[in-house]
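The values are calculated or read from the model by the stated rules, or taken from the named source; none is laboratory data. Everything numeric here is computed off the predicted structure, so don't read it as measured data. Cβ coordinates were reconstructed from backbone atoms using ideal geometry, including for glycine residues, and neighbour counts include every protein chain displayed.
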Amino acid sequence: MELFDGVNKVLSALDGVVTAVGKVIGIDISVPKLSEISLPRLAKGNVAYDETVAIFGEYAGASNNPEITAPQNIIRETVEEALKNAGGSNQKIELSVYVGNKRLGEILLDDLRNRKRQTGKDLEALVGN
């Protein structure tokens, strides 16, 4: 990352000065460098169950097709409201959302099943109301 390269260049220059001063006074000292921080890129989506630091909107089309980050219940309510407004109450509307090659519902169900195995809680308790 450019930021880390720039900071490390400054630290390297400072390290040269500190090392030279250390040699004059007889002490071996140096300035540590920053390691690059690796953050997940979420262009293909993510399901977060805890605090997550990540990079959003990093893909080329983000300005025309921005990422949406919202709690699951807000997305569910938004989609339900949009479907209700678009189709009326008598028309059947099917919606499939894919993350990569897998349907979002499958991803969420697989995750809930894994959490059920880990916690012993039933699916309803895991989803919450």
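The sole residue among 74, 27 that is of a type in the set (Val, Ile, Thr) and in a loop (DSSP other than H, G, I, E, B) is 27. The selection criterion, being at pLDDT below 85, among the small types (Gly, Ala, Ser), outside the structural domain of residue 127 (by TED's automatic domain parsing) and more than 24 Å from residue 115 (Cβ to Cβ), holds for residue 12. The residue pairs whose first member lies in the stretch 38-64 and is within 21 Å of residue 103 (Cα to Cα), whose second member is aromatic (Phe, Trp, Tyr), and whose beta carbons are closer than 8 Å, counting only pairs six or more residues apart or on different chains, are 41/59; 42/56; 43/59.
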